[in-house]
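Take a look at the structure set out below.
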Amino acid sequence: MKHAAVLMFMLCGSFVSAQTPMAKKPPPVPPPLPPMAYALEDALGGQAFSQPVAVVSTPGEKDRLFVVEKTGCIQVVTNLDQPTSTKHIFASVIERPDGKLNDKGECGLLGLAFHPQFARNGHYFVYYSLRIGRQLHQRVSRFVGDKEQPLITQLDPAGNHNGGDLHFGPDGCLYISVGDGGGANDAFDNGRFINKGFHAAILRIDVDKKPGSLPPNPHPAIALDANGAAFYAVPADNPFIAATSHHGEKLDPATVRTEIWATGLRNVWRFSFDPPTGRLFAADVGQNLYEEVNLIVKGGDYGWSHREGLHVFDLGPGKDMAPTDFKPIDPIFEYPRTTGLSITGGRVYRGTKFPEFKDAYLCADYAFGRVIALREKNRRWEDEIIAFEPAITGIGVDPRDGELLFCNMAKGKIMRLVTNEKRP
């Protein structure tokens, strides 16, 4: 377990310690795990990557993978069925016309999603951290080849709690996770509001501007074309369109961030859809006491910053208590920070190699290396620690067989689940 504790403070400029609150004492190290039945091994024939945070495939393709490197490049890996795969740079966001990638702490190239019609239109979308002059921003852009069109460039007051994941849902809309802006105790007071910036939420936007979708409400973060129109639209059935109140406070509907699909989320680092069911799972990184996994629903309020997990969160002197109409949705799973410090959202297992995990949601704790299987039984979720592997930053799906792939940022490897041959 010493290895996990060292990783927490040493990796990527204190990547995880930036997600956790500042403390006078180091976080507790949990007791050692017994030998696990499963382990992780290299899945790509020895290929190494620079701080991998996501592994993605294009719709309908089975012969290549894309690895997102926090340091600014997207690598494409081919010859997956050969003893030695090959890789080359697919895209880079290190240098941009208006600024430069910031890859310090929790910043960097964080997410990648291919358009459902990528084979036809070549569109893909990325989330990355950009320093423009002396100011930090978080950007969502559309790319076609090496040509970029920014959609949202949000000024960021701190380098942590950036969210950074994005996926197309079964409805063809693009979903994006955004953090609360950083700092401890919701320092910038974003978590409880839907009429400020692009914060503390999962967004849902229409990148194709389909008939019936609406223009977004004005905001300085939104890129506009020569006619003053945004490069995306808001689906007409998004939950906060025309909202006139939230948490008991009256709102001007013209100020609401109608892009929001779900709110009250501190820092969803990774989320995923389960294709057979359409359910959206999101892991929310906690602050002092609890990590949590949520099932995201339309218009859902997940409690931050009035709650952390299932528990009342003390916002400190001068902050209002939760309003009487505050009705947050409970997480399906939480664990205390005595057993982990930074949850990495995962995937529902749909492979065939391990039938014992059918329908289970597999996730991991970055700092303390717990790989966890959650199984739903009688509307309750039961957890099992199945493997030990610190520094897991993302979990994807192998397009060849549906097995899960794990990004290990410390080792620079893409890994897969295997039976632990060393177990006594």
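Readers should treat all values here as calculations from the given coordinates under stated rules, not as data from a laboratory. Nothing here was measured: the structure is a model prediction, and the numbers come from that model. As a convention, Cβ positions derive from the backbone with ideal geometry for all residues, glycine included, and neighbour counts pool all protein chains shown.
For the reader, a short list of remarks on this structure follows.
- Here region 133-213 yields Rg over Rh of 1.00, to two decimals, using C-alpha coordinates and the Kirkwood radius.
- Which of 412, 178, 368, positive extreme of dipole for the chain (C-beta unit charges): 412
- Where Rh is the Kirkwood radius over Cα pairs, Rg/Rh for the chain: 0.94
- Farthest toward the positive end of the dipole of region 249-305, out of 277, 261, 290, is the Cα of 277, where the dipole comes from beta carbon charges about the Cα centre.
- Cα gyration tensor category, rounded, prolate or oblate, for region 143-291 with a/c compared to 1.5: rounded
- Cα lying deepest toward the dipole's positive end in region 59-359, options 71, 227, 90, charges on Cβ: 90
- Going from the residue with the fewest nearby Cβ atoms within 10 Å to the one with the most, 95, 69, 106 rank 95, 69, 106.
- Each Lys and Arg contributes +1 and each Asp and Glu -1, all at the Cβ; summed about the Cα centre of region 59-359, the dipole is approximately 560 debye.
- Cα gyration tensor shape of region 177-247, rounded if a/c is under 1.5, else prolate or oblate by comparing a/b with b/c: prolate
- Its Cα centre serving as origin, region 290-347 has a Cβ charge dipole (Lys and Arg +1, Asp and Glu -1) of approximately 160 debye.
- Taking a ≥ b ≥ c as the square roots of the eigenvalues of the Cα gyration tensor, region 82-177 is classed as prolate, since a/c reaches at least 1.5 and a/b is larger than b/c.
- Expected-Rg normalisation [2.2 N^0.38 Å, Cα atoms] applied to region 319-424: 1.24
- Sorting 45-58, 207-220, 111-124, 188-201 by average packing, meaning the other beta carbons within 10 Å per residue, from highest down gives 188-201, 45-58, 111-124, 207-220.
- For region 34-139, diffusion coefficient by Stokes-Einstein and Kirkwood Rh (Cα), 20 °C, 1.002 mPa s, µm²/s: 140 µm²/s
- Distance violations [Cα-Cα > 24 Å] among 104/298; 377/411; 62/413: 104/298; 377/411
- When only Cα pairs below 8 angstrom with a gap of at least 6 residues are kept, the chain shows a relative contact order of 17 percent.
- With one equal scatterer per alpha carbon and no solvent term, the Debye-computed log10 I(q)/I(0) for region 209-284 at 0.17 1/Å reads -0.88.
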